[in-house]
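Undergrad: Mind looking over this structure? Questions follow.
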Amino acid sequence: MVLFNGGDPSIPAPAFTVWPAISSGGQYAGAHGGTEYFLSSDAGFYNSGTSSTLWLWAVSNTRDIDTAPQALTLNVQPLTVQQYAVPSSLVQQKPGNAPLRDCFAVTGCAPTYFDFPNIVYPTPRPMAVNDSRMQQVTYANGKLWGTLDTDVLLADGRHGSGINYFVINPQSGGIFANGTLALPDTNLTYGAAVVTQSGRGVIAFTVVGPYDYPSAGYAGLDAKIGAGEIHVAAAGAGPWDGFTGIPYLGGGRPR
């Protein structure tokens, strides 16, 4: 379920990418005839691009969804969390071999096939990070575990991307753990938390910046102590050089 309220008074809270919780190991939120939980953020609704509120959504009586859908009930409540912010949309990556980018600047390469004039793209091509919407939520060990991208200030004064994480009691709205994963000279983006039924978790994310090709990173996650140290599981072999962000190959954000 992804809602966008667009001023619709029937939706009781700012609703943009209301993300459902995926149950770990078949765990079932059985209260009130079955409950499906969701989380959403709202920083994108404000000119400042910042917020200290998450929204906790709950759809109850889900066991009746096929036979009596009118019996389902929707509840939503705001949760006060550490401030997060919409990160800068584009970040730099480590320079390297990028044949697709280079092709568009060479006569007889891309223009031959697409009939467009030569175009020189930046070296290296900038790369998009996620915005601050919630895009991954897990229900495990009776808790909700979620992550989102947030703006962080890097050591050289540039703005970059880090990962905010949340461990939430879905019944009371209490916060077990909430913090930010960040590095001083690179970006962390597109975080996703995977959690076992016993409550042991890992946050996976992309590490990318002026000194890093896009790489696979991770950090442990615990409801009591929060996130652990940042590790790079495998360093990227070269820069991202995909077709997105090139108008003649679909355009859109370079990601």
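Only the coordinates and a few stated rules stand behind these numbers; no lab work does. Remember, predicted model here, so these are calculated numbers, not experimental data. FYI the Cβ positions are ideal-geometry reconstructions off the backbone, even for glycines, and counts take in every protein chain you see.
Undergrad: Evaluate the charge dipole of the chain about its Cα centre and quote only its size in Debye, nearest 20, assuming +1 on the Cβ of each Lys and Arg and -1 on the Cβ of each Asp and Glu.
TA: 200 debye
Undergrad: For each of VAL208, VAL202, VAL59, count neighbouring Cβ atoms within 10 Å of the residue's Cβ, then give the residues from fewest to most.
TA: Going from least to most buried by this count: VAL202, VAL59, VAL208.
Undergrad: Which one of LEU39, PRO170, MET134 has its Cα pushed farthest toward the positive end of the charge dipole of the chain, where Lys and Arg give +1 and Asp and Glu give -1 at the Cβ?
TA: PRO170
Undergrad: Could you give the length gained by full extension between THR196 and ASP156, i.e. 0.36 nm per residue of separation minus their alpha carbon distance, to one decimal place? Please list the in-between numbers first.
TA: On the way: separation 40, 0.36 × 40 = 14.40 nm, distance 3.76 nm.
Going from the current span to full extension adds 10.6 nm.
Undergrad: Between beta-carbons, use under 15 Å as the cut-off and find the net charge around ARG133, counting Lys and Arg +1, Asp and Glu -1.
TA: Residues near ARG133 contribute -2 overall.
Undergrad: If you don't mind, another one. For the chain, build the charge dipole from Cβ charges (+1 Lys, Arg; -1 Asp, Glu) around the Cα centre, then report which of TYR213, GLY157, THR73 sits farthest towards its positive end.
TA: TYR213
Undergrad: Using a 10 angstrom cutoff on alpha carbons, build the Gaussian network for the chain and name the most mobile of GLY108, GLY179, GLY238.
TA: Checking each option, the largest mean-square fluctuation is seen for GLY108.
Undergrad: Using Cα-Cα distances under 8 Å and only pairs 6 or more residues apart, what relative contact order does the chain have, in percent?
TA: 15 percent
Undergrad: Scan (1) 20.7, 66; (2) 23.9, 80; (3) 18.6, 59 for the value of Rg and Dmax of the Cα atoms in Å calculated from this model and give just the label.
TA: Among (1) 20.7, 66; (2) 23.9, 80; (3) 18.6, 59, the one derived from this structure is (1).
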